[in-house]
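Notes follow the structure.
The values are calculated or read from the model by the stated rules, or taken from the named source; none is laboratory data. The structure presented is a predicted model; accordingly, all values stated were derived computationally and were not measured. Reconstructed Cβ throughout: ideal geometry from the backbone, glycine too, with neighbour counts over all protein chains shown.
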Amino acid sequence: MEPDVGQEVLTLRGRGPGHAVIGVLFSQPGLLRSRGRLGRLMGVAPLTEQGMAWYRGALAEIAVGRMLSKLGPRWVVMHAVPVGRRGSDIDHLVVGSSGVFTVNTKNHSGQRVWVMDRHVVVAGHRCDHVRKSEFEASRVAKLLGEILGWPVPVRGVVAVLDPERLVVKQRPPGVEVLEARKLVRWLKKRKEFLDPGQVAQIGSIIGLRTTWQQGPETLLDLDRRAEFEQLQRTVTHARRRRMAWAIGGLGVLVVGALLTLV
């Protein structure tokens, strides 16, 4: 299938934060909802429950991407880096003099997150965030090391967006779990052990598809940022509609109750 007119096919370096998640949101059936005129009037959400989960994930990656943009020119940052041939991607890949970091963004806004070694519990439910982050980091280290011919230090990071509370009782070995708002400061404080030449070597290959064993995926490579921004406006508008109907309904109930007292 060819891309629509006006939609740019992006290179890996051109991908913005949330690129892969947004691509799935607009290409996978069952995530967007057809509402009709009445549905729009009543403020029905344009996303299904499953679609909302993908939408929140995209918002989190965009938020963290915005934070990472403050690292400065000495750092190289890429987003939604596709790895392998099964649709996997790394939310954010960060390269600097202190090494390479794979950042896995998790939107746990308003939820309590508890970490004990490799165990992560979110709102009472156990998650495998650490295991996935370990796998991402080891995979990147292996791929980069094979090409460059020297061991590349890669550390996995789980960046938790806006949790109600994040409690780390015992840090997992090899993976950092922290609040997203602390990510940039944490990165800048890491010990430097790569020289500029090594950083340049890594930077020269991370934008190549051959590095990640990934072929072109025309549909998922489309630049759909404008569509997502429109979706954000639609979601906001629908939410305001629902609030207006709820407030209006409450007003009717209050008036009715007052009239019974007259």
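Evaluate the range 47-60: report whether one residue or more is of a type in the set (Val, Ile, Thr) and crowded, with 21+ Cβ neighbours inside 10 Å.
So far as the range 47-60 goes, no, none of its residues is of a type in the set (Val, Ile, Thr) and crowded, with 21+ Cβ neighbours inside 10 Å.
If we scan the range 61-82, do we find a residue that is under 21 Å from Arg239 (Cα atoms) and surrounded by 15 or more Cβ atoms within 10 Å (Cβ to Cβ)?
Within the range 61-82, one or more residues are under 21 Å from Arg239 (Cα atoms) and surrounded by 15 or more Cβ atoms within 10 Å (Cβ to Cβ).
Working only within the range 202-214, note down all residues that are within 16 Å of Gly87 (Cβ to Cβ) and either at pLDDT 90 or above or out of contact with any helix residue (DSSP H, G or I) (no Cβ under 7 Å at 6 or more places or on another chain) (or both). Steps first, answer last, please.
We begin by selecting, within the range 202-214, every residue within 16 Å of Gly87 (Cβ to Cβ); these are 209, 212-214.
Arg209, Gln213, Gln214, listed by residue number.
Scan the range 77-112 for residues that are farther than 22 Å from Arg139 by Cβ and touching a residue at least 60 places away in the same chain (Cβ under 8 Å) and jot them down.
The one that is farther than 22 Å from Arg139 by Cβ and touching a residue at least 60 places away in the same chain (Cβ under 8 Å): Ser97.
Suppose the filter is in contact (Cβ under 8 Å) with a residue 12 or more places away in the chain, under 30 Å from His108 (Cα atoms) and among the β-branched types (Val, Ile, Thr); does Val175 pass it?
yes
Exactly one condition in (1) of a type in the set (Val, Ile, Thr); (2) farther than 25 Å from Leu10 by Cβ; (3) touching a helix residue (DSSP H, G or I) at 6+ places or on another chain (Cβ under 6 Å) is not met by Val122; state its number.
So Val122 meets the others, but not (3).
Listed residues Gly65, Gly124; which is without any contact (Cβ under 8 Å) to a residue 60 or more places away in the chain and in contact with a His (Cβ under 8 Å, 6 or more places away or on another chain)?
Being without any contact (Cβ under 8 Å) to a residue 60 or more places away in the chain and in contact with a His (Cβ under 8 Å, 6 or more places away or on another chain) holds for just one of Gly65, Gly124, which is Gly65.
Would you call Arg165 under 18 Å from the mean Cα position of the chain (by Cα), surrounded by fewer than 21 Cβ atoms within 10 Å (Cβ to Cβ) and basic (Lys, Arg)?
Criteria not met by Arg165.
If a residue must be in contact with a helix residue (DSSP H, G or I) (Cβ under 6 Å, 6 or more places away or on another chain) and more than 18 Å from Phe135 (Cβ to Cβ), how many such residues does the range 162-177 contain?
0
Tally up the residues in the range 17-72 that are touching a Pro at 6+ places or on another chain (Cβ under 7 Å) and of a type in the set (Lys, Arg), please.
Within the range 17-72, residues that are touching a Pro at 6+ places or on another chain (Cβ under 7 Å) and of a type in the set (Lys, Arg) number 2.
Considering only the range 29-40, I want to know if a residue exists there that is modelled with pLDDT of 90 or more and surrounded by fewer than 12 Cβ atoms within 10 Å (Cβ to Cβ).
So far as the range 29-40 goes, yes, one or more of its residues are modelled with pLDDT of 90 or more and surrounded by fewer than 12 Cβ atoms within 10 Å (Cβ to Cβ).
Of these, Leu231, Leu220, which one is at pLDDT below 90, surrounded by 11 or more Cβ atoms within 10 Å (Cβ to Cβ) and within 23 Å of the chain's Cα centre (by Cα)?
Leu220
Go through Ala159, Ala137 for me and flag whichever is in contact with a helix residue (DSSP H, G or I) (Cβ under 9 Å, 6 or more places away or on another chain) and in contact (Cβ under 8 Å) with a residue 24 or more places away in the chain.
Working: Ala137 fails: in contact with a helix residue (DSSP H, G or I) (Cβ under 9 Å, 6 or more places away or on another chain).
Going through Ala159, Ala137 in turn, the sole match is Ala159.
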